[in-house]
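One structure is given here, and the rest of the page talks about it.
The values are calculated or read from the model by the stated rules, or taken from the named source; none is laboratory data. Bear in mind that the values here come from a model prediction, so they are computed numbers and not experimental data. We place every Cβ from the backbone using ideal geometry, glycine too, and count neighbours over all the protein chains shown.
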Amino acid sequence: MCGIAGVIHTENRHAPPSAELLHAMIGAIRYRGPDEFGLYRDHHAGLAHARLSIIDLSGGQQPMCNEDGSLWIVFNGEIFNYIELRKELQSLGHRFRTQSDTEVIIHAYEAWGNDCFLKFNGQWAFALWDAKERKLVLSRDRIGVRPLFVRQAHGKVWFASEVKAIFSDPEVSRSMDPRGLDQTFTYWASLSPVSVFHGIEEIPPGSVRVYDSTGVYREWLYWRPSYADPREPYPLSIADATEVLRDKLMHATELRMLRADVPVGSYLSGGLDSSLVAWMGGQAKKGRFQTFSLRFDDAEFDETSFQKLMASQLDSSHHDILVSRSDIARVFPEVVWHTERPILRTAPAPLYLLSQEVRRFGIKAVLTGEGADEMLAGYDLFRESKIRQFWSHQPESKIRPRLFERLYPYLGRSPNQAKGMALQFWKQGLEKARLPGFSHGPRWSTTSSIKRFFSGDIRQNMSTNPAPDVLASLPEEFAVWDPLGQAQYLEVVTLLSGYLISSQGDRMLMAHSVEGRFPFLDSDVMEFCNGLPADYKLRILDEKHILKRVAHGVIPEQIVRRQKQPYRAPDAISFVGPDAPEYVHEMLSENALKESGLFDSAAVLKFHQKCLSKGKEATASAEFSNSDNMALVGILSAQLVHHLFIKGTRPSSKDRIVFTTAIDRVSNYQQHAVQEHRL
Amino acid sequence: MKITREEIGLKVMSFIKENFIFTGQEINPEESLLGSGTIDSTGILEVISFLEQTFGVQFEDKELVAENFDSVAKIQSFMFHKLAGEGD
């Protein structure tokens with residue numbers, strides 16, 4: 001796991017990419033791979049790599065090339081089935097110099113061309129430079145576990161794992177893109193290729209983009225999620241499907257636990273998904289391993305008792321950290337430095353602290369349960385949507401909405417006010433039950449309400465240059481999927497790819513040089529889950545039904561049966577207490593608001609005042625409304641994004657980078673191993 | 001002195017604008033506060049508590065349904081009748 005960066009020149013007037021620029025670019029993201037650095041440079045391209053050594057520690061240096069030196073790669077991620085692919089390629093006559101998965105990509109591309117991507121089971125972002133054809137191939141894994149951004153201007157194409165590496169070139173202009181902000185304050189993330197920065201594109205998950213020597217590119221999706229057609233009979237009984245899922249998940253976990261030349265640990269949240277993954281990891285490892293958990297000062301978010309129960313069953317070497325509101329406020333600017341986009345929840349912050357702890361114990365890779373809720377319908381949104389769907393058949397029914405009491409037993413005990421209001425919320429858009437987006441309507445409309453804080457300039461730009469709508473680019477077959485499949489698709493392409501595995505995943509882990517490995521996002525597991533009939537996943541209102549069957553008998557029953565607790569952290573309340581850090585006031589001051597120009601400063605000042613007075617009496621995070629929580633965290637993080645990336649000085653690496661692999665075809669200077677590249 | 005329907009409407013409108021809109025933007029009195037995303041279900045509780053304090057009333061459980069609170073016009077009408085009823 002690593003960081004990549006580089007630039008290609010598509011006009012001949014440019015001098016070759018400089019080593020200084022490659023140094024600056026990779027230096028800006030050195031935390032992604034502090035073990036080794038490498039660069040490749042010719043007259044038209046420069047590639048840089050920061051390596052977190054996990055597989056083939058001695059032979060996997062990058063940039064790496066094919067046998068005749070015409071193809072060069074920088075790669076971030078893992079191809080978990082590289083051993084099987086290597087054998088297949090060897091039988092086709094390919095010879096390998098290393099034991100690395102990186103080399104497998106190069107040969108796979110030579111052997112299978114554009115069909116190679118579907119052969120990879122893994123998590124990747126890579127850039128492949130064809131020096132003969134002067135062609136750049138950029139690709140990301142199916143679901144977007146590993147990030148990749150690109151900027152094209154002035155006859156050049158820059159690319160990197162993170163935007164800050166691209167911004168380290170003074171030639172690249174920096175400004176916010178109102179379309180990316182519009183999407184973020186609707187879907188919780190910008191939708192690739194749009195980003196929150198003008199001119200910066202995110203390579204979409206599951207896609208390939210190929211630039212030719214003149215800078216014209218072709219892009220296509222080699223994969224996108226696809227769900228079962230309910231009219232087709234499904235061949236497996238639920239009992240048989242449970243066995244198949246168990247085997248596939250076990251295999252996916254084994255690959256991720258064992259295909260590493262360093263020890264792999266596991267996260268334990270206290271929920272079903274990470275418990276099962278950790279248990280399977282333990283089965284694969286056949287020995288002790290390390291587990292890590294987050295605990296909260298705030299009882300409403302804490303799951304300590306379940307974590308301890310599972311850790312003791314696993315007999316793991318267990319570590320945890322206790323996170324408070326002030327910890328969250330303290331690290332939040334660093335968190336935003338890594339997310340590189342506004343966020344509506346503070347939930348990434350504790351994960352930032354957790355990866356720090358993981359690294360302190362010398363662990364470079366962890367398994368997590370990420371993806372189970374999307375693949376097997378774990379979220380409340382799916383259950384709410386099912387009830388709303390059912391309610392929509394008789395919108396005047398007083399009985400049908402009572403099903404919400406089964407979902408949220410507290411509603412049955414609540415005073416009418418809470419129940420009535422909650423029902424009114426779910427009743428939104430009931431008449432649109434047959435239209436795409438029905439499942440997500442209430443979430444998107446609640447989130448969109450924060451846009452009223454945008455400045456006139458931003459709103460004007462949004463109306464003249466509207467952001468692409470996720471519903472405008474649905475796959476053709478969307479209409480034949482079951483409503484659950486439709487909702488899962490929308491959840492995957494918005495929240496999972498754009499927020500959970502990036503802002504809450506890759507970025508928080510890589511900030512401390514830790515690689516996340518996600519068995520539920522294994523390509524084989526995803527395909528199998530997506531093909532399951534809806535009622536194997538959501539049985540009446542029982543979420544992740546089939547996964548509970550898999551877990552039955554191996555995970556403590558209290559964990560299998562417990563009410564699902566979504567992972568959350570204290571939001572607005574972290575920033576409004578008497579000891580709120582000074583930067584919060586600075587970022588929300590009239591000056592800072594006017595300087596960024598993103599928000600209506602008078603409105604934000606009043607809103608901040610409201611939050612501060614609420615903060616004086618509030619004792620629990622839940623006393624802030626969902627809208628206020630999202631608005632405060634969203635506005636504060638957007639202000640920080642502006643402060644850090646637009647107004648701030650360009651990222652630069654204070655520490656000298658020592659390139660242990662350097663192939664310089666411009667100054668005919670070539671070295672492998674220990675010679676330093678001095679700048 | 002008896003408070004008029006208009007006065008109730010003005011007070012409610014101004015509270016909602018000051019505490020939920022912040023931008024000075026006008027709101028349509030007929031528009032659903034929950035449906036438009038102006039106020040969420042926790043936010044409505046803030047409105048109810050404001051009404052109790054400002055008008056010195058208390059609500060029974062059966063009155064606390066979305067039909068009475070989901071727009072400025074609904075709140076205005078509901079409060080007018082409630083205050084009139086209590087004044088009798």
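Looking only at the stretch A:423-454, residues that are facing chain B (nearest Cβ under 7 Å) and among the β-branched types (Val, Ile, Thr) come to 1 in all.
Residues that are more than 7 Å from every other protein chain (Cβ to nearest Cβ) and exposed (fewer than 12 other Cβ atoms within 10 Å of the Cβ) were ranked within the stretch B:56-66; the one that is nearest to A:Val604 (Cα to Cα) is B:Gly56.
The residues on offer are A:Ser625, A:Ser613, and the sole one that is surrounded by fewer than 17 Cβ atoms within 10 Å (Cβ to Cβ), within 14 Å of chain B (Cβ to nearest Cβ), free of Cβ contacts under 8 Å to residues at least 60 places away in the same chain and not β-branched (Val, Ile, Thr) is A:Ser613.
Here A:Leu344 meets each of (1) within 14 Å of chain B (Cβ to nearest Cβ); (2) more than 16 Å from the chain's Cα centre (by Cα) with one exception, condition (2). Of the residues making up the stretch B:68-82, just one is facing chain A (nearest Cβ under 8 Å) and either assigned to a helix (DSSP H, G or I) or modelled with pLDDT of 90 or more (or both), namely B:Phe69.
Against the list (1) out of contact with any Lys or Arg (no Cβ under 8 Å at 6 or more places or on another chain); (2) touching a residue at least 60 places away in the same chain (Cβ under 8 Å), the condition A:Gly577 fails is (1).
Residues of the stretch B:22-55 that are within 20 Å of A:Val604 (Cβ to Cβ), part of a helix (DSSP H, G or I) and either more than 7 Å from chain A (Cβ to nearest Cβ) or aromatic (Phe, Trp, Tyr) (or both): B:Glu46 alone.
Check the stretch A:563-578 and report whether any residue there is out of contact with any Cys (no Cβ under 6 Å at 6 or more places or on another chain), within 14 Å of chain B (Cβ to nearest Cβ) and over 24 Å from A:Thr242 (Cβ atoms). Among the residues of the stretch A:563-578, at least one is out of contact with any Cys (no Cβ under 6 Å at 6 or more places or on another chain), within 14 Å of chain B (Cβ to nearest Cβ) and over 24 Å from A:Thr242 (Cβ atoms), which makes the answer yes. You will find that of A:Val277, A:Val210, the residue that is β-branched (Val, Ile, Thr), at pLDDT 95 or above and either assigned to a loop (DSSP other than H, G, I, E, B) or surrounded by fewer than 23 Cβ atoms within 10 Å (Cβ to Cβ) (or both) is A:Val210 and no other. Out of the residues in the stretch B:7-21 that are in contact (Cβ under 8 Å) with a residue 12 or more places away in the chain and within 9 Å of chain A (Cβ to nearest Cβ), which is surrounded by the fewest Cβ atoms within 10 Å (Cβ to Cβ)? So the residue we want is B:Asn19. Scanning the stretch A:184-193 for residues that are more than 22 Å from A:Ala153 (Cβ to Cβ) and either part of a helix (DSSP H, G or I) or touching a strand residue (DSSP E or B) at 6+ places or on another chain (Cβ under 8 Å) (or both) returns A:Thr184, A:Phe185, A:Thr186, A:Tyr187.
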